[in-house]
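Derivation of every value follows stated rules applied to the coordinates shown; laboratory data play no part. All values derive from a computational prediction rather than experimental measurement. Cβ sites come from the backbone with ideal geometry, for glycine too, and all protein chains shown count toward neighbours.
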Amino acid sequence: MKHRYAYWLCQILGWGSYSLIGALSAWQVTKRPAEVSVGYGLYFLYSIALTHGLRAFVRRRGWLESDHARYIPAFLAAWAIGWVQAVLVVGIDSLLSGGHSDFLEPAPMWGVMCSITLVPLGWMTLYIAVTAGRRSREKQLALRDAELRALELQINPHFLFNSLNSIRGLVLENPPLAQDLITRLANILRYNLHRDAGHTVSLSSELEAAADYLALESARYEDRLRVHYAVAEETRPVPVPPMLLQTLVENAIKHGIATIPEGGDLRITSAVEDGFLVLRVENPGRLEEPKPGARLGLQNIRERLRILYGTRAKVDLYTQNGRVIATVRIPLKP
């Protein structure tokens, strides 16, 4: 409500001041003060309407999120609005003057067209600058909310219960392994509580966390779970959202390995392709129609990637040669 009030106050004061200054300047050189007043009054009204529509269109398209290069279509849209304003100015002045408008001459018409089309570009620049701080705060809040939900998905009672049961069975049978698994469980809990200021961690950290998780699951599934890595060294320092890989691995086990009596191979691969980190997690099985509330982990990953990278990052889930493959593409340059 506070932001909405400030927005409309700025709209009215901004376009009102601009229209008043224009009208005062025109009164000094024209013999048609009444027509000028009506023209600038209409200009004030439709400029507010047009820029408000421009704001709604740009926000709906998400052109002011994440990537500054996406500002370009926003400025092009503002420039188009400027041409609409210019046509309205010339057309209305022509109607009010009975076809005797000075703007109908080529030179004045071109001058007014060029000058008026620049105004919405200035409006868009001011709007981006004024709202930058608020957009940044909204992005941070959205990320924190998404990460909190990711944390709730990762630290689930079933996983803790199964892990503790596996460890309990090893305390007398294999004490060194039980101690190692306790350490790995502590590492997972500590890692899941981690919060990075930039909301990203290195892929190397994600691989270590996934290794701890897989060690605990291996104690449960034993020979049914066979893990293979093919990780390119140049991908290890690449920043990724925390708990990204662990979520993919957990889905692969829950919906793949766990449903097959003989288990299967889980493969984790990473590579750099065309300026993107490509991370893949493969497991045996097939895709089924998701039930309501299913695949929340993947939905959460998509949401966090959208907030961090806009439309440049994506997650795909598909089957190939009897295997389910989850692929994440993340741009190397933020």
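Side notes on the structure shown:
- Residue-count net charge about residue 54 - beta-carbon cut-off 13 Å; Lys, Arg +1, Asp, Glu -1: +4
- Pairwise label distance in nanometres, residue 287 with residue 21, each label 7 Å out on the Cα-Cβ vector: 5.6
- Potential extension, residue 183-residue 115 segment - 0.36 nm per residue separation minus Cα distance: 17.6 nm
- Stretching the chain fully between residue 79 and residue 45 yields a gain of 10.4 nm (0.36 nm per residue, less the alpha carbon separation).
- FRET efficiency for residue 314 and residue 230, using Cβ-Cβ distance with R0 set to 22 Å, rounded to 0.05: 0.55
- Computed extension length for residue 126-residue 221: 28.3 nm, one decimal, from 0.36 nm per residue of separation with the Cα-Cα distance subtracted.
- Semi-axis lengths, largest first, of the ellipsoid equivalent to segment 155-331 are 26, 20, 15 Å, with √(5λ) applied to each eigenvalue of the Cα gyration tensor.
- Long-range amide H partners of residue 324 with built H, under 5 Å: 283, 285
- Ranked 113, 243, criterion: other C-beta atoms within 10 Å, fewest first: 113, 243
- Projected label distance in nm at residue 4 and residue 95, using a 7 Å step from Cα toward the beta-carbon: 3.1
- Net charge contributed by nearby residues that have their C-beta within less than 12 Å of residue 127 (K/R +1, D/E -1): +4
- Label-point separation in nm, residue 259 to residue 202, each point 7 Å along Cα→Cβ: 3.6
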